[in-house]
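Worksheet for the structure shown next.
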Amino acid sequence: MRILEVLCLLVKQFLFQTGIGLFGMIRKKHILNNGQSIALQLRRSAKKNIIMRPVAADEISVNIPPFLSERKLDEWLSENEHFVLDLLQGADNGQAAGRPESVWYRGMRHELLEHDAAFVALQQGVLRLPRGDWAAQKKHLSRYLRVHAAEMLLPRLMYHAAQTGLQPVAVNLSDAKTFWGVCRMRTGIRLNWRLIGAPDFVADYVCIHELCHLRHLNHSSDFWALVNRFTPYTLEAKNWLKRHGNELFVLG
């Protein structure tokens, strides 16, 4: 019986690995941590990253790398469930028409108010925006946060590179919708600019996580041991991102 179970598992994995390539797209049911059942449209792609887009309120299209296994896909979806929920919410409700009451900045919610100046200003826990419609204000605020992300996140990444002895060939920001950071041996590390909204210990964790990929291009036990060697906040940071990660995308 045990041999039969193993053979069935191998056949199932083979079909998952090859079926998408043979038939273009397959559908798969996925259960979120909150118990919600969603449909996945899976397609193989030559790209190295997982790319998602909403199809309906309970369905997303997922482009996955050529040799990603079903188990690894399920693990990735579980670890990045906040992205999935954010996509589903966007498909269900559309983009918010009005200005939010607050946004995250370095781990704290900052109220959004207007002032007469033509620039964004941070004053006593309040982000003051130029008067106007929300579309224009959102552009001002996004630009402001991106500038501060470059000024704070990238030096933080280089600090941890020096501390760990793991040096990327280059560092930059990204506008990704499905990951907080990405590490490539030839092109370096890119951090999602929206991390400027997270607490410093969360940004530190993402920096260290990506740096450790310079030594381990996987999520093996050796990789996690290396991450935990450089930060004691792995679990806390992952939990914070699960709870609040989707809120960092309020500006799109």
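What follows draws every value from the coordinates through simple rules; no lab data is involved. Being a predicted model, the structure only gives us computed values, none of them experimental. All Cβ positions, even for glycine, are placed from backbone atoms using ideal geometry, and neighbour counts span all protein chains on display.
Quick one: work out the % antiparallel among DSSP beta bridges in the chain, nearest 5. Intermediate results must be reported in sequence, preceding the final value.
Working: 22 of 37 bridges.
That works out to approximately 60 percent antiparallel.
Residues whose amide H comes within less than 5 Å of that of GLY181, counting only those at least five positions distant or on another chain, are ASN192 (H built at 1.01 Å from N in the peptide plane). Neighbour counting of Cβ atoms within 10 Å sorts the residues HIS209, HIS219, fewest neighbours leading, into HIS219, HIS209.
The convex hull defined by the C-alpha atoms of segment 131-249 has an orientation-averaged projected area of 7.6 nm².
Return the inverse of the average 1/r over all pairs of distinct C-alpha atoms in the chain, which is the Kirkwood hydrodynamic radius, in Å to one decimal.
Values: mean 1/r = 0.0499 Å⁻¹.
Computed over Cα pairs of the chain, the Kirkwood hydrodynamic radius comes out at 20.0 Å.
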